[in-house]
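The values are calculated or read from the model by the stated rules, or taken from the named source; none is laboratory data. Just so you know, these numbers come straight off a predicted model, no measurement behind them. Heads up, the Cβs are rebuilt from the backbone with ideal geometry, glycines too, and the neighbour counts pull from every protein chain shown. Each accessible area value is taken on the protein alone, full model and side chains, heavy atoms only, with ligands, DNA and RNA left out. Shrake-Rupley method; radii C 1.70, N 1.55, O 1.52, S 1.80 Å.
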Amino acid sequence: MELRARITAEMKQAMKDKATARLSTIRLINAAIKDRDIAVRAEGNYNGVDDNEVLAILGKMVRQRQESARTYEEASRLDLSERELSEITILEEFLPRQLSDEEVSAAVENAISEVGAASIRDMGRVMGVLKSQYTGQMDFGSVGPIVKDKLSS
């Protein structure tokens with residue numbers, strides 16, 4: 001099932017179940033997707049965003065909530081932190097399974113050999129391959145240093 005259709009179906013189910021917290025989070029997802037749709041329409045793409053772009057949006061939303069939860073915990077606002085963590089749980093339902101450290105390492109090796117990368121200057125091309133193949137399955141913020149390390153050795 002297409003990701004947008006799945007999100008819509010889950011929103012309808014949350015309405016039926018009267019799950020207000022879940023419904024609120026799913027509505028935030030839809031709003032973020034619609035915002036991005038509007039932005040790409042201005043660029044001339046009238047079909048809206050595809051599933052890879054939706055996965056990127058969801059990943060960004062998870063990172064934002066993780067950062068907020070950390071900030072709330074540091075400020076001793078555990079109630080707000082718990083709400084952010086529960087939203088993360090709902091958001092992660094729509095993301096594919098995260099790759100393990102071994103799988104990430106193997107994916108980086110494959111991308112390096114696919115591109116034929118020999119030096120740190122090829123890092124952008126390697127990251128481009130990884131982003132096209134593994135959107136939503138790995139945290140590219142933590143993958144960057146791994147790629148850099150492998151290319152510099």
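Screening 143, 115 for residues that are without any contact (Cβ under 8 Å) to a residue 40 or more places away in the chain and over 18 Å from residue 62 (Cβ atoms) leaves exactly one candidate, 115.
Restricting the stretch 82-133 to residues that are within 30 Å of residue 11 (Cα to Cα) and among the acidic types (Asp, Glu) leaves a set whose member that is farthest from the chain's Cα centre (by Cα) is 82.
Reported count of residues in the stretch 134-153, each being in a helix (DSSP H, G or I) and either among the β-branched types (Val, Ile, Thr) or under 22 Å from the mean Cα position of the chain (by Cα) (or both), is 10.
Screening 44, 124 for residues that are open to solvent by less than 70 Å² (accessible area, probe 1.4 Å), assigned to a helix (DSSP H, G or I) and free of Cβ contacts under 8 Å to residues at least 24 places away in the same chain leaves exactly one candidate, 124.
Scanning the stretch 66-97 for residues that are touching a Phe, Trp or Tyr at 6+ places or on another chain (Cβ under 6 Å) and not polar (S, T, N, Q) yields a single hit, 80.
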